[in-house]
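Input: a single structure, listed below in structure tokens.
The values are calculated or read from the model by the stated rules, or taken from the named source; none is laboratory data. Computed from a prediction, not measured in an experiment: that's the story for all the values here. All Cβ positions, even for glycine, are placed from backbone atoms using ideal geometry, and neighbour counts span all protein chains on display. Heavy atoms of the whole protein, side chains included, go into the accessibility calculation; ligands, DNA and RNA do not. Shrake-Rupley method; radii C 1.70, N 1.55, O 1.52, S 1.80 Å.
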Amino acid sequence: MTHSPEIEHIIQQSIEYSKERKHQYVTVEHLLLSLINHSAFKKCLVSFGADIDSMSQEIGAYLDSLHAIVSKEDEVVPRKTNSLERVMNRSVTQVLFSGRRQVTTIDLYLSIAAEGNSHAHYFLLKYGINKNEFVAHWTKHYKHGETTNMTDNQADEVLEEYTVNLTQLAAQGKLEPLIGRSKELDDIINVLAKRFKSNVLMVGDPGVGKTAIAEGLAQMMINKEVPDFLQDHQLYSLEVGSLLAGSKYRGDFEEKVKAVLEALNTKKKTILFIDEAHTMQGSGGSNNGSVDFANMIKPAITKGTLKVIASTTWEEYYESFEKDRALMRRFYRVSVDEPNHDTTIRILNGLSSRLNDFHDVEISDEAIKAAVESADRYIHDRKNPDKSIDLLDAACAKQRVLENKGAIITKELVFDQVERFTGVPADKMKGDNFDLIHNLETNIKDKLYGQDETVQQVLERVYVNFAGIGNDNKPTGSFLFLGPTGTGKTELAKLLSKNLDMPLLKYDMSEYGEKHSVSSLIGPPPGYVGFGDSQVSGGRLINDLSKNPHSIMLFDEVEKAHPDIFNIFLQMLDEGHITGSNGKQVNCKNSIIIMTSNLGSSDSERNNIGFGSQEKTGEDDKALKEFFKPEFRNRVDLICKFNKLDTLAIKKIVIKFTDDLKKSLIDKHDITLNLSEPVVEYLAEQGYDKKMGARPLARKIDELIRVPLSKKVLFERIKSATINAVMTDGAIDFAVTHKLTAKVNEDGIIEVS
């Protein structure tokens with residue numbers, strides 16, 4: 001003996017009614033309230049002529065008045081009353097005597113009606129629900145029992161509970177128009193015309209419009225735009241999750257699936273649309289051998305008694321359907337590709353009127369064009385038309401939030417949403433980035449000394465892209481910086497990041513010297529630890545680019561990386577995207593790629609054999625050709641050679657390094673620090689090393705200026721003074737001059753101290 005899923009739902013709802021009121025008991029009245037509000041039984045009562053709304057309100061008011069059974073505790077676990085226990089036992093008994101094995105809603109009603117000494121019985125009498133008349137009405141219109149065939153009314157109830165009638169929604173004008181999918185619809189209609197296995201599986205990336213095709217077919221059926229054999233059909237959409245909901249006991253899920261299939265068979269001329277079809281496999285199944293939804297539906301779709309249109313993504317197709325050949329042979333696969341640029345614009349034009357009405361705005365043609373173009377260029381992890389519609393919808397929603405009724409949606413508003421989605425500055429898309437790049441060259445050259453020619457070459461590439469006439473299929477720029485250490489290679493990358501307002505993603509390539517370290521960047525391959533783990537499966541490079549598609553990627557000391565690393569760079573430099581080991585593809589077309597290397601520097605530092613101290617030349621070119629493969633060199637936009645710093649550049653760096661010290665002294669101690677020219681020259685001479693570049697300068701300034709000066713300020717308690725750093729007997733000395741302060745005394749005389 002089992003309860004049907006409907007009975008389980010009704011009992012659970014009666015318990016919820018009791019908990020809401022903090023009742024210690026579940027009564028027959030709780031059960032009656034749940035029963036008359038159950039959708040299928042409520043329809044039968046309404047068709048019988050009962051005023052269910054008033055009856056429900058009156059029973060609810062009665063339950064609210066039961067103060068005696070209200071618990072004072074917050075957490076209440078209500079118990080059954082004796083009368084409710086009798087009702088449940090009576091319903092089971094009458095089912096057994098009728099030779100059936102499952103309690104239904106009519107059994108529950110008859111048992112409640114037999115409980116004469118209860119308010120539930122009183123309410124049934126008050127609202128004219130006579131037992132004999134109602135049972136006759138039920139038998140005539142809602143036939144039940146051990147029958148193999150459903151009535152039309154029962155079939156309608158089952159389908160309404162577990163499916164959505166798409167043709168009905170289409171008739172009511174509640175579905176979005178379908179544009180530009182004639183080929184796919186023709187393929188689907190041809191398959192539905194078959195006698196056997198007339199089932200379609202639509203496969204496509206998320207967001208390309210698979211569900212929209214099913215809705216479009218429903219609209220064509222309503223508009224009589226399909227062949228005669230389909231014009232009187234109904235299209236029902238089923239979500240497997242709705243069958244799983246509330247199925248707590250073994251057999252519940254199977255009963256629901258059986259009921260849906262029987263209802264479709266009863267209605268005849270029906271088509272079932274199953275969204276996210278990969279959920280069919282495993283749904284309802286368990287380790288104890290229960291069959292899943294896919295196995296239950298196989299006989300029906302094989303015989304041709306049921307026509308099915310299913311949809312899934314390519315990933316799930318390979319994961320689920322490819323492995324189940326027995327299921328796949330029952331379907332005809334239809335590939336749903338991303339619509340092209342023109343079709344996407346047509347789709348948005350078709351949707352714009354509905355968006356206008358919903359948001360109370362007016363979408364301009366330029367906004368639609370901007371949404372499609374910017375989605376194509378800047379959003380690469382999603383597909384059209386979904387991503388373009390999202391941009392347009394978000395721009396409209398923003399005006400709705402601001403309560404700008406009647407606002408005109410322009411391309412500038414769309415660009416603002418692209419910036420929110422991707423992080424790419426809206427100014428770059430609008431062409432209003434003049435302020436950003438106007439002083440770019442000056443700002444960088446003021447901070448980076450001795451490399452003016454290199455800076456000019458790099459910025460010229462950046463200007464081309466910012467002007468919108470660069471190659472849209474490649475990164476914004478890709479550069480290989482060559483030169484001795486300490487000449488400003490990494491510093492230029494940092495300055496570009498700061499002045500272009502692009503985040504800097506830095507990778508120290510000395511960490512990727514082993515062959516297996518490739519997996520750290522793009523993720524471990526299948527079968528290795530970490531594959532499929534959402535935290536690490538993408539790899540550091542894949543995850544960073546997903547979060548920061550508009551960034552500067554700095555691969556520092558790239559010559560120290562394993563040679564296999566350079567193979568993954570090829571795709572980035574040429575196609576502007578990179579694919580992780582798990583198949584996830586990320587885009588770097590809006591990124592600047594910078595690689596630094598010291599190749600050839602050590603060879604150049606070695607003097608030629610013989611007289612003189614002239615250094616070797618051309619060693620960096622030789623090392624470059626020997627180390628980097630031709631296909632790699634050919635993909636880099638620009639190979640920049642950083643020069644060794646001259647005396648003037650070194651002196652500028654000395655001033656740059658001491659500026660922070662001067663600012664700290666002024667802010668904290670009101671001390672002005674001045675460096676004499678001999679001191680600057682001495683620091684430049686002592687701190688600069690041809691082999692080490694400018695990096696030792698910072699240490700030398702700490703040693704000769706910062707440390708002795710801090711001791712002097714601390715121990716001599718210097719405040720409000722001017723300190724002049726001068727050379728005395730070949731060493732740096734500090735001459736302190738206290739600043740004069742003036743104040744007016746009581747007699748009005750100015751005193752200077």
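Quickly estimate the mean residue ellipticity at 222 nm for the chain, helices only: each DSSP H run with n ≥ 4 gives -39500 (n - 2.57), and the total goes over all residues, rounded to 500.
Details: 36 runs with 372 residues, N = 753.
After summing the helix terms and dividing by the residues of the chain, the value is -14500 deg cm²/dmol.
Subtracting the Cα-Cα distance from 0.36 nm times the residue separation, let me have the gained length for R706 to K622 in nm, one decimal.
Net length gain for the segment: 26.0 nm.
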Exercise. Using a simple spin-label model with points 7 Å from Cα along the Cα→Cβ vector, what separation in nm is obtained for K140 and F358?
Worked result: 4.5
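Full-extension gain between K197 and K183, please, as 0.36 nm times their residue separation minus the C-alpha to C-alpha distance. Walk me through the intermediate numbers first.
Working: separation 14, 0.36 × 14 = 5.04 nm, distance 2.05 nm.
Gain on stretching K197 to K183: 3.0 nm.
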Problem set entry | Cut-off under 5 Å, modelled amide H: who pairs with T410 long-range | none
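Under 15 Å from the Cβ of K22, count the other residues' Cβ atoms, weight Lys and Arg +1, Asp and Glu -1, and hand me the total.
Details: positive: K19, R21, K72, R79; negative: E16, E20, D64, E73, D74, E75.
Summing Lys/Arg as +1 and Asp/Glu as -1 gives -2.
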Problem set entry | Residues whose placed amide H lies under 5 Å from that of L673, excluding near-sequence neighbours | I723
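If you roll a 1.4 Å probe over the chain with all protein chains in place, what percent of the accessible area is carbon or sulfur?
Values: 18290 of 37970 Å².
Taking all protein chains in place, the chain shows 48 percent carbon and sulfur surface.
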For this session: Take the alpha-carbon centre of segment 256-277, take the same for segment 450-523, and report the distance between them in whole Å.
Result: 58
For this session: For segment 48-61, take each phi angle, set θ = phi - 60°, evaluate the Karplus expression 6.51 cos²θ - 1.76 cosθ + 1.60, and give the result in whole Hz per residue in order, putting x for glycine and proline.
Result: 6, x, 7, 8, 5, 4, 5, 4, 5, 5, 5, 5, x, 5
Exercise. Which FRET efficiency value, to the nearest 0.05, do you get for D228 and K369 by plugging their Cβ-Cβ distance into 1/(1 + (r/R0)^6) with R0 = 30 Å?
Worked result: 0.15
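How large is the Rg to Rh ratio of the chain when both quantities use alpha carbon positions and Rh follows Kirkwood? Could you put the intermediate results ahead of the total?
Numbers: Rg = 38.9 Å, Rh = 33.7 Å.
On the Cα set of the chain, Rg over Rh gives 1.15.
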For this session: Please turn the phi angles of segment 106-122 into ³J(HN,Hα) values with the Karplus equation 6.51 cos²θ - 1.76 cosθ + 1.60 (θ = phi - 60°), one per residue in order, whole Hz, x for glycine and proline.
Result: 5, 5, 5, 4, 4, 5, 5, 5, 7, 7, x, 8, 8, 5, 4, 4, 4
Seminar exercise, completed: Quick calc: nm separation of the 7 Å Cα→Cβ label points for K22 and K515 -> 7.1
For this session: Positive end of the charge dipole of the chain (Lys, Arg +1 and Asp, Glu -1 on Cβ, about the Cα centre): tell me which of F123, I650, A326 has its Cα farthest that way.
Result: A326
Exercise. Label E160 and R79 with points 7 Å out from Cα along Cα→Cβ: what is the distance between them in nm?
Worked result: 3.9
For this session: Give the distance, in whole Å, between the Cα centre of segment 628-644 and the Cα centre of segment 25-70.
Result: 80
Problem set entry | Farthest positive-ward along the chain dipole, Cα basis, beta-carbon charges - from F627, T410, S39 | S39
Problem set entry | Centre separation in Å (Cα based) which lies between segment 79-133 and segment 544-587 | 70
Seminar exercise, completed: Per the charge dipole of the chain (beta-carbon charges, Lys/Arg positive, Asp/Glu negative, Cα centre), the residue among S198, V164, A467 reaching farthest to the positive end is S198
Problem set entry | segment 663-700 residues near the modelled M727 label - backbone nitrogen below 16 Å, point 7 Å along Cα→Cβ | 675-688
Seminar exercise, completed: accessible surface per residue for segment 311-436, probe 1.4 Å, DNA/RNA/ligands not counted, whole Å² -> 51
For this session: Evaluate E = 1/(1 + (r/R0)^6) for N265 and A171, where r is the Cβ-Cβ distance and R0 equals 25 Å; express this FRET efficiency to the nearest 0.05.
Result: 0.60
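Extension gain K663-E315, at 0.36 nm per residue separation less the Cα-Cα distance, in nm? Don't skip to the end; give the middle numbers.
Working: separation 348, 0.36 × 348 = 125.28 nm, distance 5.80 nm.
119.5 nm is the gain from fully extending K663 to E315.
Could you work out the relative contact order of the chain? I mean the mean sequence separation of Cα pairs under 8 Å and 6+ apart, divided by the number of residues, in percent.
Details: 1137 pairs, mean separation 61.3, N = 753.
After rounding, I find 8 percent.
Among residues other than V70 whose Cβ falls under 11 Å from its Cβ, what is the net charge (Lys/Arg +1, Asp/Glu -1)? Working shown, then result.
Values: positive: R21, K22, K72; negative: D64, E73.
Counting the neighbours of V70, the net charge comes to +1.
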For this session: Name the long-range amide H neighbours of L201: under 5 Å, sequence gap of 5 or more, or other chain; modelled H, no Pro or chain starts.
Result: A310, Y332, R333, V334
Seminar exercise, completed: From the cross-link list K445/K711; K547/K584; K700/K739; K383/K411, the entries with a Cα-Cα span beyond 23 Å are K445/K711; K700/K739
